[in-house]
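The values are calculated or read from the model by the stated rules, or taken from the named source; none is laboratory data. Just so we're clear, the structure is a prediction, and the values are computed from it rather than from any experiment. For neighbour counting, all protein chains shown are included, and Cβ atoms are generated from backbone atoms with ideal geometry for every residue, glycine included.
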Amino acid sequence: MDFRVDLAIVEHLAKGCRFGLTLHNLSEKSHANWKLNFAFECFVIPDSLSQGELTQVGTFCTLNVNETPLYANNHVYVEFCTATSAFNLLSDGINDAYLDTDAETQLPVAVSPIVLGAVDDRRVSLPEVGAGRHALIPHPQYMEFGESVFELTRYSQICVEDQSMQCVANWLSEEVERLFGLSHKSIGQQDIRFRHSPVLDSEAYKLTVDGSGIEIESNSNAGFTYGCATLIQLMDFDHERHTIYVPHVRIQDAPRFRYRGVMLDSARSFQPVTEIKRVINLLAHYKINTFHWHLTDDEGWRVEIKAYPELTDIGAWRGPTHPLKPQLHSIGDYYGGFYSQQEIREIVQYASDRSIQVIPEIDIPGHSRAAITALPDLLVDPEDQSHYRSEQNYTDNVLSPGISGTYQFLDAVLEEIAQLFPAPYVHIGADQVPVGVWTNSPSCRELMAEQGYRNPKDLQGHLLRYVEDKLKSMGKRMLGWEEAHFGSKVSKDTVVYSWLSEEAAINSAKLGYDVILQPGQSTYLDMAQDYSVCELGVYRSHIITLENAYQYEPLVQLHEQDPIKKRILGMQAALWTERVTSPERLDYMMFPRLVALAETAWTQDHSKDFHAFLSRLKPHLQLLDRQDVRYRHPCQRAKKRMADVQHSKPTLLNEFKFSPIRISSCNTATSITRTENMSSLVPMPPLLGLTT
Ligand code: ACM
């Protein structure tokens, strides 16, 4: 490549870092006028540049050093400051870059790994454990093994009592074929029997394996699905004999929490339909019953809305010459995608066949840049002079409660969403509305005066109450992040998803809201899993190891009998995808931590034990291997990756295709923000005036 960019931490400041950026021209041609475009997750303090100017929209930075030509076989050096000093991983630097010159645009630029200075040399270790007798995760409530095994062959059949159970039987049959290559013949023995049991609770099941065969009893398709998931984990396949052995066992099982979810962000990175289905199918194996689908954000709108085709024609795509500028990764490309309504219906049905409900999230009023860019005539308040900067460095990403277009947009979008997704819930986001928004908008001021509001938070509440009423009129219950009750206007029917801390969950429950727990400190699967600089993921103030994920105990600080606990509907894990750009990386971040969290969601706390979990995980990994799930090996991978780096030639980052991270910093062990801590963004003197 003719160009390369290096980034090094030059100095750690009291609050922040000073960086040196070097752009090398390795070619024989000089360029008088040039601009370097790059993706960088942290906010660059505008007046900190040693030369030139830098504009930044989200993660997309353009450096323009007007007076300095980029001479052949030479370089240009620029320093700048960020307000955060949390740089720990090789992927914390520039993630992708290209150069525009007078003559040509989008010239590729190689990116070297960031020079971090001191690195964290701690390493996570796990206790040595032997392989467990079985590989069941989550651990069932009650189980008793017999001495013998039952044999399933290609002549084994599944027998259902009525047609409604057939889709679960089909799933089991498909999974046995996919995992073991054992397809069923049309004749044979009725070896697996599904039996309806009116006495069991709705998600409970019984599984009995003895000399007469395999019987799953339940009161619901969900229970049959969980019985099948357990059965699959008990199977031991003998290739030569084309036989599956299942140990004799009696299991009686039911979940600890009625809501067991996983959130996937399809806005920052887009996953095609096949990938979404692959993920949903994996979730079914861990008795997850909710797929929370983050479909819209600043960086992309991913769901077809017939009333506004612009949302996907424009808002689903980003690129150098596109209204939505490149972000995060693949910055020289036209990047994006969306799900057609037909595809969504297909995915919802696919999930339902696996007893998983799909809950869509349409993020309102913040995180709306893709929608606003797609529909400026409807969604931009032309008189709004307010200044704000969102956590992810956007200055134009919030819907306005002061203009009629916002309500027109919300009505149309929510009507189509309500039709598309049969679940009786819609998640409306509501997180991270930036300080300063709406303060200088005549229409918002007018609305405040008319309603007697004193604070912009009241405006947020006003808008969300409108959304709640709209959803209620369509038979849907509103769900939102913990900020959804800010402004105290929404009803207590709203379900709050706490993410910043456990305290937020307790406070919301005390206020009378039902709560889903998704504390970032334990359930955010985009966080790195070890301290090595080579780890994938985000590592600001902490990492989430497998043990951290497993040991998360919801609201442990509350007494067993505390009535607040009744408000906790369940918990979920979340995968934000700013840097999850491929199925390999998705697997690496999700597994096996998701397996650990699934056990907490399903298994009663008194049956949880980390050593016992590890010894079950050991044989369980074979099931993931069978499916080519590229999980992070709990013991070996980090060491290997470190060794790879130490003994290999330096590698350019965009050869690794590292993608940028979700701007994020966690400043205390108990709180997490998804980006830089805004309070630390105090104005700083110009760089050149700084002393050490
Ligand atoms: C969130 O992480 N902003 C919900």
- Task: Might you let me know whether the stretch 96-108 holds any residue that is in contact (Cβ under 8 Å) with a residue 60 or more places away in the chain and within 25 Å of the chain's Cα centre (by Cα)?
- Result: yes
- prompt: Based on what the data block shows, is Ser532 at pLDDT below 95 and away from the ligand (no atom under 16 Å from the Cβ)?
  reply: yes
The residue from Ala370, Ala418, Ala412 that alone is touching a residue at least 12 places away in the same chain (Cβ under 8 Å), surrounded by 21 or more Cβ atoms within 10 Å (Cβ to Cβ) and assigned to a helix (DSSP H, G or I) is Ala370
Checked the stretch 515-529 for anything in a loop (DSSP other than H, G, I, E, B) and either small (Gly, Ala, Ser) or away from the ligand (no atom under 16 Å from the Cβ) (or both); matches are Ala528, Gln529
Q. Has the stretch 338-345 got at least one residue that is in a strand (DSSP E or B), closer than 30 Å to Leu172 by Cβ and out of contact with any Gly (no Cβ under 7 Å at 6 or more places or on another chain)?
A. yes
Flagged pairs (Cβ under 8 angstrom, 6 or more apart or on separate chains; first in the stretch 504-528, at positive phi; second within 12 Å of the ligand (Cβ to nearest atom) and assigned to a loop (DSSP other than H, G, I, E, B)) are none
Pairing a residue in the stretch 120-149 that is closer than 22 Å to Ala598 by Cα with any residue that is part of a strand (DSSP E or B) and of a type in the set (Phe, Trp, Tyr), where Cβ atoms lie under 9 Å and the two sit 6 or more apart in sequence or on different chains, gives Arg133/Phe145; His134/Phe145
Margin query: Here is a check on your reading of the model: is Leu136 modelled with pLDDT of 95 or more and of a type in the set (A, V, I, L, M)?
Written below: yes
Here the residues within the stretch 553-579 that are out of contact with any Lys or Arg (no Cβ under 8 Å at 6 or more places or on another chain) and within 16 Å of the ligand (Cβ to nearest atom) are Ala574, Leu575
Looking across the stretch 501-514 at residues that are within 14 Å of the ligand (Cβ to nearest atom) and at pLDDT 95 or above, the single one that is surrounded by the most Cβ atoms within 10 Å (Cβ to Cβ) is Ala505
- Query: Can we say Lys15 is out of contact with any Phe, Trp or Tyr (no Cβ under 8 Å at 6 or more places or on another chain), at pLDDT 95 or above and on the phi < 0 side of the Ramachandran plot?
  - Reply: no
Next on the checklist: Is it the case, given these coordinates, that Arg540 is modelled with pLDDT under 95 and either closer than 24 Å to Leu282 by Cα or of a type in the set (Lys, Arg) (or both)?
Outcome noted: yes
Scanning the stretch 245-273 for residues that are closer than 28 Å to Leu234 by Cβ and among the hydroxyl-bearing types (Ser, Thr, Tyr) gives Tyr245, Tyr259
